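Step one of this worksheet: look at the structure below.
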Amino acid sequence: MKWDASKVRKTLAVDLDLTLTHEPWTSERHIGRPAPHSVRVLRRFVKAGWQVIIYTCRPNVYTVRRWADENLQGIISAINCNPDDIRQTSFVTPKPYADIYIDEKAWPLCGAPVDWLEVERDMEKRGIL
């Protein structure tokens with residue numbers, strides 16, 4: 001199959017702990033509430049044509065999917081994979097392809113919980129939202 005970039009949605013990969021939530025990982029079964037403004041900003045991405053995936057190191061993706069279904073109603077397309085990445089053929093990479101990654105270790109490069117208002121302002125400045 002030939003890869004056709006026009007058929008691939010823009011993808012935002014978002015970490016879970018200290019990014020989608022402001023709580024650190026404490027146990028496999030506990031995931032905190034969504035971080036302030038995260039749901040609203042993620043809905044803006046979806047409205048602008050982006051798909052949003054969760055990219056996490058948590059071992060139980062079923063717990064993460066249940067949390068996303070309960071807290072992010074219809075925003076999340078996948079967990080730890082990009083369903084639109086048709087460029088992959090016979091191998092799977094450990095990191096899903098995305099156009100933008102948001103993670104507390106990378107955004108805003110200080111290791112603190114992600115400030116979703118700052119994310120929104122920056123994406124507006126860049127013409128993404």
Next item on the list: Mind listing just one residue for me: the one in the stretch 1-26 that is among the hydrophobic types (A, V, I, L, M, F, W, C) and modelled with pLDDT of 90 or more and, of those, surrounded by the fewest Cβ atoms within 10 Å (Cβ to Cβ)?
Entry: Leu18
Item checked: Answer from Arg58, Arg29, Arg33 - the residue that is more than 13 Å from the chain's Cα centre (by Cα), farther than 15 Å from Thr11 by Cα, modelled with pLDDT under 95 and surrounded by fewer than 12 Cβ atoms within 10 Å (Cβ to Cβ) -> Arg29
Next item on the list: Please find, within the stretch 75-89, the residue that is surrounded by the most Cβ atoms within 10 Å (Cβ to Cβ) out of those that are part of a loop (DSSP other than H, G, I, E, B), touching a helix residue (DSSP H, G or I) at 6+ places or on another chain (Cβ under 8 Å) and free of Cβ contacts under 8 Å to residues at least 60 places away in the same chain.
Entry: Ile75
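The values are calculated or read from the model by the stated rules, or taken from the named source; none is laboratory data. Quantities reported herein were computed from a predicted structural model and do not represent experimental measurements. When we count neighbours, we look across all protein chains shown, and the Cβ atoms used for this are built from the backbone with ideal geometry, even at glycine.
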